[in-house]
Structure formats: C-alpha cells, structure tokens
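A.B. asks: Attaching a single structure in structure tokens format; questions to follow.
No value in this document is a laboratory result; all are computed from the given coordinates. In this text the structure is predicted, and so the values were computed from the model without any measurement. Here the Cβ is made from the backbone with ideal geometry for all residues, glycine too, and neighbour counts use every protein chain on show.
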Amino acid sequence: MSIGEGRAFRCLLTTVESDSHFWNLIYLEKFIAENGGEVRNLGGCTPADLVVKEVNDFQPDLLVVSSINGHGYYGTSVVLTELKRAGISVPCVAGGKLTTAPSDNDRVRRELLSQGCTDVFLGENAIDRFREFLAFGVRHGFAAWQPSMPVVAPWDARVASLSVAQ
Amino acid sequence: MSGYMDRFIADARRRETLVVQPRMGFGNIATMRAGLRDVHDLDIPVVGTITVDSYTRVGDHVSSIERLKAGEELNGYPIVSHPMDKTREMLAGLYGPGFPIQVRHGTALPLRVIESLVLAGLDTTEGGPVSYCLPYSRLPLEHAVSAWAESCRYLVGEVEHGHIESFGGCLLGQLCPPSLLIAMTVLEGLFFAQHGVRSMSLSYAQGTHDDQDRAAVRVLRALAQEYLPSVTWHVVLYTYMGLFPSTPDGATELIRSSARLARDTHCERLIVKTVSEAWQIPSVAENLDALRVASAAAGGPPVVAGPQEKEYFDEIMEEARCLIEEVLNLDADVGAALTRAFALGLLDIPFCLHADNQNRTTCVLDDQGALKWGDIGNLPFRGSVRQNAAGQLQSSELYRMLNHVAHRYDHGQPNREKGDDGKF
Ligand code: B12
C-alpha cells in the first residue's frame with residue numbers, strides 16, 4: 001500500500017521498562033502517523049515482555065524504541081534479547097538520549113546496530129534522519145535499510161575492531 | 001521541636017533568604033558523596049539531595065547494581081540496592097541540622113525506598129499517591145494510593161519528624177494549567193495529613209508566563225493556609241520542569257527567573273536545574289554553579305503584584321478551589337476520593353498516557369504565552385472557565401508549545417510577550 005492509500009505501515013511505539021518519560025512518545029506518535037504510520041503507543045515504563053506480546057499481537061512493520069532517561073541503551077538491549085528469545089524478527093529502531101552522556105552516542109549506536117537494531121537515531125538531527133528512514137521504508141520496506149556506519153573515534157577504534165572480530 | 005528541614009527553612013525565612021537545592025543523583029557512592037560534600041560546602045543556604053535512579057523507581061533493585069558493575073552510569077543513586085552501611089558512611093559528617101538531605105525518588109510503591117532512607121538515618125522525602133504514580137509508572141492508581149498511605153504511616157511511625165514534599169505541583173513538568181497543579185499538591189497535602197504526616201512541603205513548577213506564575217504561587221499559599229491549618233508546611237518552587245533551553249545563556253537566565261519568581265512570591269525553597277538540563281546528566285560543578293546563580297538572583301527586593309496578576313489570581317483561585325472541593329466531596333477518605341476523581345474525569349491531567357487518566361483534557365498557550373485549558377473533558381468547571389478547543393494537534397504544533405519557553409530563552413527574549421517595556 002502506498003501513502004496515498006492511507007496508512008502505509010504499522011508501527012509499534014514503546015520505551016524501556018525503567019523510563020517513565022512519555023512526551024517523547026506523544027510527539028513521536030504524531031510524527032510517525034504524519035509520515036504514514038498506523039501507530040500503537042504502549043506508553044511509559046513498558047516491560048520487555050509486554051513489547052514482545054504486543055509485537056505478536058499487532059504484527060508491526062516497524063518497532064520504535066524511544067528512551068530519554070539515560071538507561072535506554074540497556075533497556076533496548078533487553079528488548080532485542082527478548083525478541084530474539086521469542087524467535088521474532090521485526091525491523092527495530094531506537095533513539096532519544098540512551099545513556100547519561102552525549103559522548104557515548106557513537107559507541108551506543110554501534111553496539112545496538114551489532115545487536116540487531118535496524119538503525120539508531122541520536123543527536124541533533126535525529127528527527128530529520130528518521131523522516132528519511134520512514135520515507136525509505138514506505139517505498140522499499142524497513143528491512144532493506146542500510147544504516148550509515150558511525151564514525152569511529154580514534155580512541156574507540158580498538159574496541160570496535162575487537163567487537164567486529166567476534 | 002521540629003526536624004532539620006523545618007528548622008532550616010524557618011531560619012532562612014526569618015533571614016528572608018531563599019533556600020536552594022539541586023536535583024542531583026549519581027549511581028556511584030563516592031561520586032554521590034563528593035557531590036553532597038561540595039553542595040554542603042557552599043556558603044549559601046542549601047539543602048542536599050539524593051535523587052534515586054530509575055531502575056529503583058520501578059522496583060528493579062538488581063539492574064542498578066549490575067549496570068554499575070558493567071561500568072555504566074546511572075541517572076541516580078540506588079538507595080535500596082547499595083549496602084546500607086555504605087550509605088550511612090556516605091552521609092557521615094555531612095547530614096545534620098545545617099545540611100538537611102532529601103531523597104527524591106519517583107516511585108509509585110515507595111515503601112522500600114522509604115524504609116531505606118529511614119535506615120540510613122534520614123527523614124525527608126518527596127512524592128505523593130498521584131504525582132508519583134501517573135507520571136512515573138504503569139501501576140494502577142489504586143495501588144499507589146494504598147502504598148503511599150502505608151508508607152506515610154510507616155515514616156511517621158519510625159521517625160519523629162518525617163517530612164514529605166508533594167510533587168503534585170509538577171506532574172508531567174509542562175503544558176498543565178496552574179489550577180490543576182495547585183489543586184493536586186493541596187490534595188496530596190491533605191492525603192499526607194490524613195495519614196499522620198505533620199511536616200510537609202507543597203510544590204509549584206514554574207510555567208510559561210511570569211504574571212500567571214506569581215498569581216499561581218499566591219493562590220497556592222492562600223489555599224494551603226485554608227486547607228492545611230494544623231500542619232507545618234512551606235512552598236517549594238521548581239525551576240521550569242519542561243523542555244529546557246539548550247544554550248548556556250538561555251538556561252542560566254531561566255534559572256535566574258525562577259529564583260526571582262521564588263523571591264517575589266515568598267517561596268521558601270527552590271529546586272534548581274542546570275545548564276545541562278536539555279542535554280544529559282549534569283556534573284557536580286554545573287550543579288554548584290546553578291545553585292550559586294539562583295541564590296544570587298534571589299537577592300534584592302521583591303517585585304509587587306501588577307494588575308494582570310490580579311486577573312490570573314482570580315481565575316486560578318476559582319478553578320483550583322472548584323477542583324479541590326469537588327474531589328473532597330466524593331469521599332471522606334482523600335485517597336479514595338482521588339481514585340474516584342480520576343475514574344470520573346473530575347481530575348484529568350492533560351496529555352498523561354497513564355491508563356487511569358482519562359486523557360480527555362488538553363492545554364494550550366494563549367497569545368500571551370500563558371497556559372490555558374484546551375479541552376476540559378469532564379473537569380467540574382462551571383460558567384466562566386473558557387475552553388480553547390485545540391483540534392487535532394500536529395507534531396510540529398505540539399513541539400512548538402513544548403519548546404516555547406526554551407525557544408524564548410535561547411533567543412534572548414524571555415519577556416517577549418510583554419512588549420518592549422516588559423520588566424519583571
Ligand atoms: C519533562 C521531563 C520529565 C518529566 C516527565 C513526565 C513524563 N511522564 O513524561 C518528569 C519531571 C516526571 C521527569 C522525570 C525524570 N527525569 Co526527566 N526530563 C524531562 C525534560 C525536562 C523534558 C523531556 C521532554 O519533554 N521531551 C519532549 C520531547 C519531544 O523531546 P525529547 O524527549 O528530547 O525527544 C526528542 C529527541 O530526543 C528525539 N527522540 C527521542 N526519542 C526518539 C526515538 C527515535 C527513534 C528518534 C528518531 C528520535 C527520538 O525526538 C524528540 C524530538 O526532537 C528532560 C530535559 C529536557 N530535554 O529539557 C528531562 C530528562 C529527560 N530527565 C532526566 C531524568 C534523569 C529524569 C529522572 C530520572 C529524574 C532526574 N534524575 O532528574 C526522572 C525519570 C523517571 C524515569 N523513571 O524515567 C534526564 C535524562 C538524563 C540523560 N539521558 O542523561 C533529562 C535529560 C534531564 C537531565 N539533563 O538530567 N522528567
């Protein structure tokens with residue numbers, strides 16, 4: 001279905017269990033809907049097993065994890081692990097403020113990509129890049145998306161090559 | 001006799017100085033102690049804070065320690081999970097009559113946290129059955145109400161001077177008309193009193209418009225006097241709790257304006273944000289700077305009320321009183337009344353996604369930049385309360401409202417709505 005024919009894709013929107021912020025979810029629900037999504041918004045403090053249950057129930061084309069409280073990196077890993085454990089594969093993106101310091105952003109993005117995220121949107125122009133991602137997904141499907149590789153800071157290069165080697 | 005917090009506040013009040021307080025919390029014990037020590041060493045009237053991390057807030061006392069061991073930072077201090085003797089050591093030589101310490105924790109089921117703070121030798125905390133449930137948890141409001149009742153009784157049973165600050169004056173931190181915030185904090189105060197708490201603070205979070213804010217705090221003081229005559233209370237103001245300016249100048253000026261608001265309206269205590277608010281967890285140094293800035297800005301004579309303030313006062317008073325009365329009429333038990341009020345939509349927090357909130361109300365900014373009701377849902381207002389139907393909000397319009405204060409301060413126009421002659 002193309003955008004012109006109504007809702008182009010189904011999107012499950014969630015945060016992580018420890019995160020009670022939901023202005024980000026309210027905003028993203030509207031934003032995703034305006035970009036063609038039929039959104040189910042699970043609200044604050046969502047346990048990972050509820051996310052799994054809702055993925056099974058709603059069968060989304062895209063799972064979006066938004067977290068801003070600083071514990072989202074861990075929380076997103078838990079969601080990815082639970083999905084794997086349940087044998088579910090669904091395109092999943094994360095974004096917001098995933099740790100307590102912006103200097104972690106490159107590392108966190110790299111790690112979540114290696115754990116199975118389709119993409120991770122952090123920092124100043126996250127929303128613009130997300131809009132492009134949604135437009136791509138509507139045309140080609142979210143699973144076909146290739147995230148640009150994050151720039152590796154020189155002091156992190158060793159760690160990155162280690163994790164690639166694994 | 002009274003506890004450290006009440007005595008400290010009473011002293012500062014006598015000297016007409018504002019007490020400032022950070023919202024600081026670190027996962028690591030040594031970092032938390034260093035932060036408390038530096039705040040303690042400031043030469044301004046200041047109260048210390050232990051802000052609890054958000055694993056603890058949702059009752060997960062395992063992940064906090066595991067994540068610390070994995071080398072990650074937390075967004076607060078896991079007071080339940082760290083060994084109790086370590087927490088006591090952390091406080092030794094700092095906590096005392098000259099440096100009260102409050103635990104701020106955002107838990108809907110607070111008993112474990114309150115037990116821990118009591119075991120650590122503390123007696124002062126924050127919360128409330130509504131304000132620590134609907135913005136902070138998915139648990140049913142009814143559970144939070146009974147857990148908070150039990151925890152209040154536990155606190156006053158265990159320590160002589162248990163003090164609780166209601167978070168009702170903040171709720172979701174932004175886009176909520178002042179009358180609902182005031183009604184909520186007064187109602188939570190009544191709830192605390194019903195469960196034996198004799199010492200409390202009532203809160204208000206700075207909004208979007210100076211005159212409206214000054215009027216709101218005055219309404220809060222008047223209603224607290226009327227409804228809570230037999231407990232010891234003071235008013236705590238929160239520096240703007242919504243989307244914060246991202247530039248250092250904008251953030252600093254907003255912090256200053258909150259200190260002036262506190263001064264003008266005789267708030268006893270101010271919880272201060274930092275220049276890192278829009279970004280991520282602030283450093284100790286940023287907290288210290290912000291506390292100094294706020295304390296200095298609160299100097300000087302209070303500004304007297306202007307004519308517009310009187311109009312806001314009448315409007316907020318009418319709405320807040322109506323909400324309080326309607327809720328109290330539902331049940332003699334304040335907790336039961338609060339639960340029913342939400343079920344009936346007589347209380348309804350704009351934009352709040354919690355399942356026990358009807359989410360039929362909205363809030364808009366008027367052409368003055370003041371907070372007004374959009375839809376009033378089933379709120380019990382009569383006649384004169386105007387609705388400003390918002391229609392279907394687009395994401396960009398929602399963001400414009402959320403970002404309104406940040407935008408003004410980041411562009412050096414804190415008083416834009418007031419015209420060129422506008423002063424504080
Ligand atoms: C309002 C607010 C609250 C309210 C929340 C009410 C509610 N239930 O929603 C209250 C007061 C209750 C609150 C509580 C807490 N908060 Co708070 N809060 C904020 C505040 C001021 C604004 C958040 C907001 O309204 N955002 C509005 C949305 C639209 O913007 P946004 O969240 O930034 O999202 C944008 C982008 O990040 C991006 N984005 C977000 N997610 C995603 C996902 C994808 C896929 C994409 C593409 C983009 C994207 O898109 C959005 C639009 O640009 C921020 C600071 C700030 N920004 O000014 C702190 C902040 C988020 N809070 C913070 C913290 C730590 C807490 C507490 C732990 C208490 C504390 N220590 O201060 C508790 C947390 C409780 C919990 N269990 O999680 C920290 C997080 C720190 C970090 N990440 O390092 C912040 C950053 C403040 C700070 N600097 O310390 N908070």
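A.B. asks: Sort the range A:9-165 into rounded, prolate or oblate with this rule: let a ≥ b ≥ c be the square roots of the eigenvalues of the Cα gyration tensor; rounded if a/c is under 1.5, and if a/c is not under 1.5, prolate when a/b is larger than b/c, oblate otherwise. Don't skip to the end; give the middle numbers.
C.D. replies: Working: a/c = 1.43, a/b = 1.35, b/c = 1.06.
Rounded, since a/c falls under 1.5.
A.B. asks: Among A:Ser77, A:Ser18, A:Ser148, which one moves the most in a GNM of chain A with springs linking Cα atoms closer than 10 Å?
C.D. replies: Sorting by GNM fluctuation, first place goes to A:Ser148.
A.B. asks: Another question, if that's okay. Please give the peptides B:308-316, A:88-96 ranked by average Cβ packing (other Cβ atoms within 10 Å per residue), highest first, as a rough proxy for protection. Could you put the intermediate results ahead of the total?
C.D. replies: Numbers: B:308-316: 18.2, A:88-96: 21.7.
In decreasing order of mean packing, B:308-316, A:88-96 become A:88-96, B:308-316.
A.B. asks: Taking each residue in B:166-178, count the Cβ atoms of any other chain within 10 Å of its Cβ, then average. What number comes out?
C.D. replies: Working: counts 0, 0, 0, 0, 0, 0, 5, 2, 1, 2, 0, 0, 0.
Averaged over the peptide's residues, the number is 1.
A.B. asks: Taking the Cα centre of the range A:8-163 as the origin and placing charges on Cβ (Lys, Arg +1; Asp, Glu -1), which of A:Asn125, A:Ser20, A:Ile32 is farthest toward the positive end of the dipole?
C.D. replies: Of A:Asn125, A:Ser20, A:Ile32, it is A:Asn125.
A.B. asks: With n ≥ 4 as the cut-off for DSSP H runs, can you work out [θ] at 222 nm for chain B, using -39500 (n - 2.57) per run divided by the number of residues, rounded to the nearest 500? Mind showing how you got there, number by number?
C.D. replies: Details: 15 runs with 183 residues, N = 424.
Here the helix-only value at 222 nm equals -13500 deg cm²/dmol.
A.B. asks: How far apart, in nm, are the 7 Å Cα→Cβ label points at B:Thr17 and B:Leu344?
C.D. replies: According to this spin-label approximation, the distance is 4.8 nm.
A.B. asks: How big is the charge dipole of the protein assembly as shown about its Cα centre, in debye rounded to the nearest 20, if each Lys and Arg gets +1 on its Cβ and each Asp and Glu gets -1 on its Cβ? If you can, show how the numbers build up before the last one.
C.D. replies: On the way: 53 positive and 72 negative charges, 123 e Å.
Computed about the Cα centre, the dipole is about 600 debye.
A.B. asks: Name the residues of the range B:163-201 whose amide N is less than 17 Å from a point 7 angstrom out from the Cα of B:Gln225 along the C-beta direction?
C.D. replies: Of the residues in the range B:163-201, B:186 have backbone N under 17 Å from the label point off B:Gln225.
A.B. asks: Over what distance in Å are the Cα centres of the range B:1-75 and the range A:1-72 separated?
C.D. replies: Value for the Cα centre distance between the two parts: 34 Å.
A.B. asks: Also, quick follow-up: In what sequence, highest mean first, do A:58-71, B:177-190 appear when ranked by Cβ atoms within 10 angstrom?
C.D. replies: Descending mean neighbour count gives B:177-190, A:58-71.
A.B. asks: While we're here: How large is the helix-only mean residue ellipticity at 222 nm for chain A, computed as the sum of -39500 (n - 2.57) over DSSP H runs with n ≥ 4, divided by its residue count, in deg cm²/dmol to the nearest 500?
C.D. replies: On the way: 6 runs with 71 residues, N = 166.
Computed mean residue ellipticity for chain A: -13000 deg cm²/dmol.
A.B. asks: Mind putting a number on the dipole of the range B:4-297 about its Cα centre? Charges go on the C-beta only, +1 for Lys and Arg and -1 for Asp and Glu, and I need it in Debye to the nearest 20.
C.D. replies: Values: 26 positive and 33 negative charges, 49 e Å.
Roughly 240 debye, rounded to the nearest 20.
A.B. asks: Taking every pair of distinct Cα atoms and averaging 1/r, then inverting, what Kirkwood hydrodynamic radius in Å comes out for the range B:212-293?
C.D. replies: Numbers: mean 1/r = 0.0727 Å⁻¹.
Taking the inverse mean of 1/r over all distinct Cα pairs, the range B:212-293 comes out at 13.8 Å.
A.B. asks: Continuing with this model, one more query. Quick one: of B:Lys69/B:Lys273; A:Lys97/B:Lys69; A:Lys30/A:Lys84; A:Lys30/A:Lys97, which pairs are farther than 23 Å apart, Cα to Cα? Before the final figure, lay out each step's value.
C.D. replies: Numbers: B:Lys69/B:Lys273 29 Å; A:Lys97/B:Lys69 21 Å; A:Lys30/A:Lys84 29 Å; A:Lys30/A:Lys97 19 Å.
Checking Cα-Cα distances, B:Lys69/B:Lys273; A:Lys30/A:Lys84 exceed 23 Å.
A.B. asks: For chain B, set up a Gaussian network in which alpha carbons nearer than 10 Å are linked by springs, and say which option among B:Gln368, B:Gln392, B:Gln358 fluctuates the most.
C.D. replies: B:Gln392
A.B. asks: Here is a further query. Between the range A:101-140 and the range B:163-229, how many Å separate their Cα centres?
C.D. replies: Rounded to whole Å, the Cα centres lie 40 Å apart.
A.B. asks: Based on Cβ point charges of +1 for Lys and Arg and -1 for Asp and Glu, what charge dipole magnitude is obtained for the range B:19-111 about its Cα centre, in debye rounded to the nearest 20? Can you show the working numbers first?
C.D. replies: Numbers: 9 positive and 10 negative charges, 30 e Å.
Dipole of the range B:19-111, to the nearest 20 debye: 140 debye.
A.B. asks: Separate question: How far is it, in nm, from the label point at A:Ala135 to the one at B:Asp43 when both lie 7 Å from their Cα along the line to the Cβ?
C.D. replies: Each label point lies 7 Å from its Cα, and together they span 5.9 nm.
A.B. asks: Tell me the angle of helix A:126-140 to the major Cα principal axis of chain A, expressed in degrees between 0 and 90 and rounded to the nearest ten.
C.D. replies: 60
A.B. asks: Just checking the output field for A:22-29: average partner chain Cβ neighbours within 10 Å of each residue's Cβ? Let's see the in-between values first.
C.D. replies: Numbers: counts 6, 11, 0, 1, 9, 6, 1, 3.
Counting other chains' Cβ atoms within 10 Å and averaging over A:22-29 gives 5.
A.B. asks: Classify chain B as rounded, prolate or oblate, taking a ≥ b ≥ c as the square roots of the eigenvalues of its Cα gyration tensor: rounded when a/c is under 1.5, otherwise prolate if a/b is larger than b/c and oblate if not.
C.D. replies: Details: a/c = 1.43, a/b = 1.20, b/c = 1.19.
Rounded.
A.B. asks: By DSSP, what percent of the beta bridges with both residues in the protein assembly as shown are antiparallel, rounded to the nearest 5?
C.D. replies: Values: 5 of 49 bridges.
Roughly 10 percent of the beta bridges in the protein assembly as shown run antiparallel, per DSSP.
A.B. asks: A further question follows. Given R₀ = 25 Å, what would the calculated FRET efficiency be for B:Glu325 paired with B:Asn415, taking r from the Cβ atoms and rounding to 0.05? Before the final figure, lay out the partial values.
C.D. replies: On the way: r = 35 Å, r/R0 = 1.41.
The pair B:Glu325/B:Asn415 has a calculated efficiency of 0.10.
A.B. asks: What is the angle, in °, between the Cα long axis of helix A:105-114 and the longest principal axis of the Cα atoms in chain A? Nearest 10 is fine, range 0 to 90.
C.D. replies: Value to nearest ten degrees: 70.
A.B. asks: At what distance in nm do the modelled label points of A:Arg7 and B:Ser283 sit from each other, each positioned 7 Å from its Cα along Cα→Cβ?
C.D. replies: The answer from the label model is 4.7 nm.
A.B. asks: Here's a follow-up. Quick check: the angle from helix A:48-58's long axis to the longest principal axis of chain A, C-alpha only, nearest 10 degrees?
C.D. replies: 40
A.B. asks: Further, regarding this structure: Where in the range B:224-247 does the label zone of B:Ala10 land, with the point 7 angstrom along Cα→C-beta and an amide N cut-off under 19 Å?
C.D. replies: Inside the label zone: B:225, B:228-236.
A.B. asks: Over the whole of A:14-21, what's the average partner chain Cβ count within 10 Å per residue? Rounded to a whole number, please.
C.D. replies: Details: counts 0, 0, 2, 7, 13, 4, 14, 5.
For this peptide, the per-residue mean of nearby foreign Cβ atoms is 6.
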